[in-house]
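Report on the structure given below.
The values are calculated or read from the model by the stated rules, or taken from the named source; none is laboratory data. Bear in mind that the values here come from a model prediction, so they are computed numbers and not experimental data. Please note: Cβ atoms are built from the backbone with ideal geometry, for glycine as well, and neighbour counts cover all protein chains shown.
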Amino acid sequence: MRRLASGASPKPRARDLGLPFPGEAGPFNAITDVAGVAVGYSTVISDSPDSGRGSARTGVTTVLPRGRTGPLRAPVWAGFHSLNGNGEMTGTHWIKEAGYFTGPIGITNTHSIGIVHQSILQWMIERPEAGVGAYKFILPVVGETCDAYLNDMDAFHVAPAHVTEALNSASSGPLAEGNVGGGTGMICFEFKGGTGTSSRVVELLGASYTVGCLVQANFGIRPLLKVLGVPVGEHLTSNRLWVGEQGSIIAVVATDAPLMPTQLERLARRAGLGIGRTGTPSGDGSGDLCLAFSTANLTKSESAAAPAVGDLAFLPNNRLDTLFEATAQSVEEAIINAMVAAERMVGREDKLVTAIDHGALREVMRNYGRLSA
C-alpha cells in the first residue's frame, strides 16, 4: 500500500493503467527507492472569502537527500541544468561553482520561494547537529513553479509552519502524487498536474544502482502531449485552457551511483530529455529546471575537520549511458504519474481544471497498440 497524503485514497499510477513504460522500476517506483532519500509534503487548500485573501491551492514539497536522521550538514555532490530558464532554483550558483549542496530541497509556488528558503534555514538552525550557527551558513536549494491559475499566489498562503510540516513529515517509502505538496495547484498539458515520481534500477559494472526522480509538473499545451510517443493530446481535446506554452517543471533526480559533479550535471541534462519525451518544446514562458544529486561519497562538511586530501569514487564516463537512459525514462514516467494521480480541481475565481480521463487515455493508447493490459 502506498503512503498517501492524509485522508486520501489509493490512486492508480501510469503502470496500473497498463501503460508499458520501459525499464525496471524500484520497489516503490519513486525517488525514495534511493536509500536514505526522504520526501515530505504540506498541502494548503482553503477558501476564506471574508479574509480578503483568495483561494489557496498550493503547498510545499521537501526532499531530504540524507533523510531526517542522516547527517544534515553533510554535502551531496550535485549538478544543475536549465532546459529553459524562466524560473528559479536557489543555490545553483554554488552547485555550479563547487559541485555540491547541503540540507533539504524545497519546491513550492513562485511567490513562496522566499518563505520556504527562510523556513528551511530556520529549521536547520534549530538543529545543533546541522552545524549551522555563528559564522556558518548554508544556501538552501528551493525551486518553484507558478500555480496562479488555481491559487492566489499574491496572498502568500504558504507559511513557515507549512514548511516545517513538510520537513518533519519527510519519510521514505511509497509517495503520494498529484494534488499534494508544492504540486497541489499545478497544471500539466492543460490537465491537472502536480507531483509525480518514478525510479529505475540498473546493473552497471557488476553493481546495482538506483536512479529516482521527483517532478513538480506544471507545463505544456494539450496538442503537444505525448505518452510513450503516442500523440494523446491530439485526441483528448476537451476542456482546453490556453493556446500558448506556459508553466514550468522542476525535476529532481537522485542516485546512489558514485558520480562526480560534472557527471551529475550530465544526468541533469538527461532529465531534460525525459521532459521532452512528453512533447514539450520547452517554450519561452516555461521554467524547466533540473537538479541531480548522488548520495554516494559521503564526506564531512566543510565546517568539520577533514583530511587535506580527499578521495572521490566515480564511474567512468564511457559507462554512463545506462544511467542516462534510466534518468530520461524515470522523468518521463514521473510526469505521466503526476497527471494520472491528479484529480480535477476548482480554484480561485471558480476556475476549473479537469483531470486526464483514465478510460479515454487507455482507449487512445489501445488504438495505437501501446497498452499492456
Among ARG270, ARG222, the single one that is closer than 21 Å to ASP357 by Cα, buried (at least 19 other Cβ atoms within 10 Å of the Cβ) and either in contact with a Pro (Cβ under 6 Å, 6 or more places away or on another chain) or of a type in the set (Lys, Arg) (or both) is ARG222
Are any residues in the stretch 168-219 touching a helix residue (DSSP H, G or I) at 6+ places or on another chain (Cβ under 7 Å), outside any strand (DSSP E or B) and either under 30 Å from PHE314 (Cβ atoms) or among the polar types (S, T, N, Q) (or both), and if so, which ones? SER172, GLY173, LEU175, LEU205
Residue match in the stretch 324-347 (condition: among the charged types (D, E, K, R), surrounded by 15 or more Cβ atoms within 10 Å (Cβ to Cβ) and more than 23 Å from GLY212 (Cα to Cα)): no
Does GLY272 satisfy the condition of being small (Gly, Ala, Ser), in contact (Cβ under 8 Å) with a residue 40 or more places away in the chain and in contact with a strand residue (DSSP E or B) (Cβ under 8 Å, 6 or more places away or on another chain)? yes
Residues of the stretch 241-280 classified as hydrophobic (A, V, I, L, M, F, W, C), in a helix (DSSP H, G or I) and out of contact with any Leu (no Cβ under 7 Å at 6 or more places or on another chain), total: 3
Only one of these is free of Cβ contacts under 8 Å to residues at least 12 places away in the same chain and either closer than 24 Å to ASN218 by Cβ or among the hydrophobic types (A, V, I, L, M, F, W, C) (or both): GLY181, GLY193, GLY185, GLY114. Name it. GLY114
Hey, ARG240 hits all of (1) touching a strand residue (DSSP E or B) at 6+ places or on another chain (Cβ under 7 Å); (2) on the phi < 0 side of the Ramachandran plot but one; which does it fall short on? (1)
Can you name the condition, by its number, that PRO71 falls short on among (1) surrounded by fewer than 20 Cβ atoms within 10 Å (Cβ to Cβ); (2) farther than 18 Å from SER171 by Cα? (2)
Kindly indicate which of ASP147, ASP154 is among the acidic types (Asp, Glu), more than 25 Å from GLY36 (Cβ to Cβ) and in contact with a strand residue (DSSP E or B) (Cβ under 7 Å, 6 or more places away or on another chain). ASP147
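Matching residues to (1) crowded, with 20+ Cβ neighbours inside 10 Å; (2) over 15 Å from the mean Cα position of the chain (by Cα); (3) modelled with pLDDT of 95 or more; (4) not basic (Lys, Arg):
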position	(1), (2), (3), (4)
LEU17	no, yes, yes, yes
ALA38	yes, no, yes, yes
THR62	yes, no, yes, yes
HIS81	yes, no, yes, yes
GLY87	yes, no, yes, yes
THR108	yes, no, yes, yes
VAL116	yes, yes, yes, yes
ILE120	yes, yes, yes, yes
Single residue of ALA296, ALA292, ALA338, ALA268 found to be over 25 Å from GLU97 (Cβ atoms), modelled with pLDDT of 95 or more and small (Gly, Ala, Ser): ALA338
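Conditions (1) in contact with a Gly (Cβ under 8 Å, 6 or more places away or on another chain); (2) not in a helix (DSSP H, G or I), marked per residue:
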| site | (1), (2) |
| --- | --- |
| ILE115 | no, no |
| TRP123 | no, no |
| LYS136 | no, yes |
| VAL163 | yes, no |
